[in-house]
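The block underneath contains the structure these notes are about, expressed in C-alpha cells.
Please treat every number below as a calculation from the coordinates, not as lab data. No experiment lies behind these values; they were computed from the predicted model shown. Cβ coordinates were reconstructed from backbone atoms using ideal geometry, including for glycine residues, and neighbour counts include every protein chain displayed.
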Amino acid sequence: MVRNYFHLHLVSDATGETLIAVSRAAAAQYETVSAIEHVYPLVRSEAQLARVLAEIESSPGVVLYTLVEPEWQEKLETFCRELGCTCLSVLQPVLSLFQSYLGQVSATKPGAQHVLNTEYFRRIDAMNYTLLHDDGQLGGDLDNADVILVGISRTSKTPTSIYLANRGIKTANIPLVPNVPLPPELDTARKPLIVGLVASPDRIVQIRQNRLLSLRADDETPYVDPAAVADEVAQSRRLCARKGWPVIDVTRRSIEETAASILDLLRDHRMKFIAT
C-alpha cells in the first residue's frame, strides 16, 4: 500500500490537546495518508506567531488553530490565504453555535479549560491514588476507589487505570495470579465498580512473549505457554461470573474504548449505589 504524507500545522494559544485530538480523529479516516504534525502550543506573543508563520511557509500544508485573540486569527488566516494553505479555526463553529444559543459573546481567554479549580485537584487526587494502588499495591483502602480493575497479566490494567485517573476516576488494579489469593477487601467493597479485563489467549501470549524478549528473559515458562494462558483467561472469566463482576474483552479495544465502556458501567453502578 502506497502511503502519502502531508504537513499538518496545529497552532494553539493553549496546550494544543484539542487540536491534536480532533486532527488525529479526522486523519484516522484516511488509511493511505499520514500527517506530518507540526505542533505549536502556547502561542501567546507576536514573536511566537511570527516563528509559526515562518514554519508554515517552509512546509505548506493544512493549518488548524485554536487562537482566541481576533487579531492573531486574522494574521494567521491572511497569511495562509496568501500562501494558498487551507486554514481552519477548530473552535469557531462551536463558539458561534454557543453564542447563538446563549446570546453571549465568548471571553477571549487562552486555555480557559486549564484552570486550578476543584475539578483539576480532583484529577490530581485520582492520579495519586491510582499510582499508589497500581498492580495490587497498598491495599487497605480499596473501598475508597471509584473503579477496581482485575485481570491477568498483560490485559492493559495499568494504562487503563492511568487514563481513568486523568478523567478524575480513582482506580485501583489487582492482578489475577495463579494460586495467589485476592485481597479479602474485594468481597466487602461496595462503593467501587469492579470490572474484569480479559483478552484472547493468543493476544496475551503475543504480548507476554514481546515482554520477555525486551527483558531478554527465558521464554520456557508457563507465563507464555498457550495452554496455561488459556487456563488463566478461563479462570478469570469464571471468577468474574461467580462474583457478578462485568467483563470487558480488550483484545481489539484501544485504551480509550475500554475506558469509555468502564465509564458507562460506572454511571449505572453509581445510580444503583445511590439508590441503595
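Here are the numbers:
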| quantity | calculated |
| --- | --- |
| Isolated Cys residues of the chain, judged by Cβ distance under 4.7 Å to other cysteines | Cys240 |
| Calculated [θ] (222 nm, deg cm²/dmol) that DSSP helices of n ≥ 4 give over the chain, each run adding -39,500 (n - 2.57) | -15000 deg cm²/dmol |
| Equivalent ellipsoid semi-axes, segment 118-275, via Cα gyration tensor eigenvalues times 5, rooted, Å | 27, 17, 15 |
| Span from the segment 31-62 Cα centroid across to the segment 165-180 one, whole angstrom | 40 |
| Pairwise FRET efficiency - Ile207 versus Gln99, Cβ, R0 = 45 Å, nearest 0.05 | 0.40 |
| Potential lengthening between Asp231 and Arg81 on full extension [0.36 nm per residue; Cα-Cα distance subtracted] | 47.8 nm |
| Those lysines that a straight Cα-Cα span of less than 22 Å connects to Lys243, excepting residues fewer than 8 apart in one chain | Lys157, Lys170, Lys191, Lys272 |
| Rounded tilt (10° steps) of 255-275 against the dominant C-alpha axis of the chain | 70 |
| Globularity ratio of the chain, using Cα Rg and 2.2 N^0.38 Å | 1.28 |
| Overall form of segment 4-102 per C-alpha gyration tensor (a/c, 1.5; a/b vs b/c) | oblate |
| By average C-beta atoms within 10 angstrom, highest first, the peptides 231-241, 7-17 | 7-17, 231-241 |
| On Cα atoms only, tilt of 157-166 relative to the major axis of the chain in degrees | 40 |
| Nearest 10 degrees, 0 to 90: helix 70-83 Cα axis against the chain principal axis | 80 |
| Lys/Arg +1, Asp/Glu -1 at C-beta; segment 1-106 dipole; positive extreme among His7, Val63, Ser100 | His7 |
| Amide N of segment 47-73 lying under 14 Å from the label point, which is placed 7 angstrom from the Cα of Ala26 along Cα→Cβ | 61-67 |
| Residue exposure sequence - Ser96, Ser200 - by fewest surrounding Cβ within 10 Å | Ser96, Ser200 |
| Cα shape, segment 212-272, gyration tensor, a/c 1.5 rule | oblate |
